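The values are calculated or read from the model by the stated rules, or taken from the named source; none is laboratory data. Remember, it's a predicted structure, so these values are computed and weren't measured experimentally. These accessible areas exclude ligands, DNA and RNA; they are computed on the full protein's heavy atoms, side chains included. Shrake-Rupley method; radii C 1.70, N 1.55, O 1.52, S 1.80 Å.
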Amino acid sequence: MADHWSDIVRDIRKESGMTREQLSLISGVAVTTIENYEKKKIGQPSIYKVEALLSAMGYELEAVRP
């Protein structure tokens, strides 16, 4: 599951053209946390933080859930 969310967050962020810093400001999630998610350094991402990141990029968690 971690790979799934890591890939989704990274891919959507890149498609949106947002930097990690911009996403951090909008979502309230630390830049280092975003970086660690994208680099798969966090084994089990917090679903609440994933939801905040997706929401900041205009997506709903339910829309990207497998």
Selection from segment 1-32 of residues modelled with pLDDT under 95 and among the β-branched types (Val, Ile, Thr) yields ILE8, VAL9, ILE12
By residue number, the members of segment 12-59 that are within 9 Å of the chain's Cα centre (by Cα), open to solvent by 60 Å² or more (accessible area, probe 1.4 Å) and among the acidic types (Asp, Glu) are GLU51
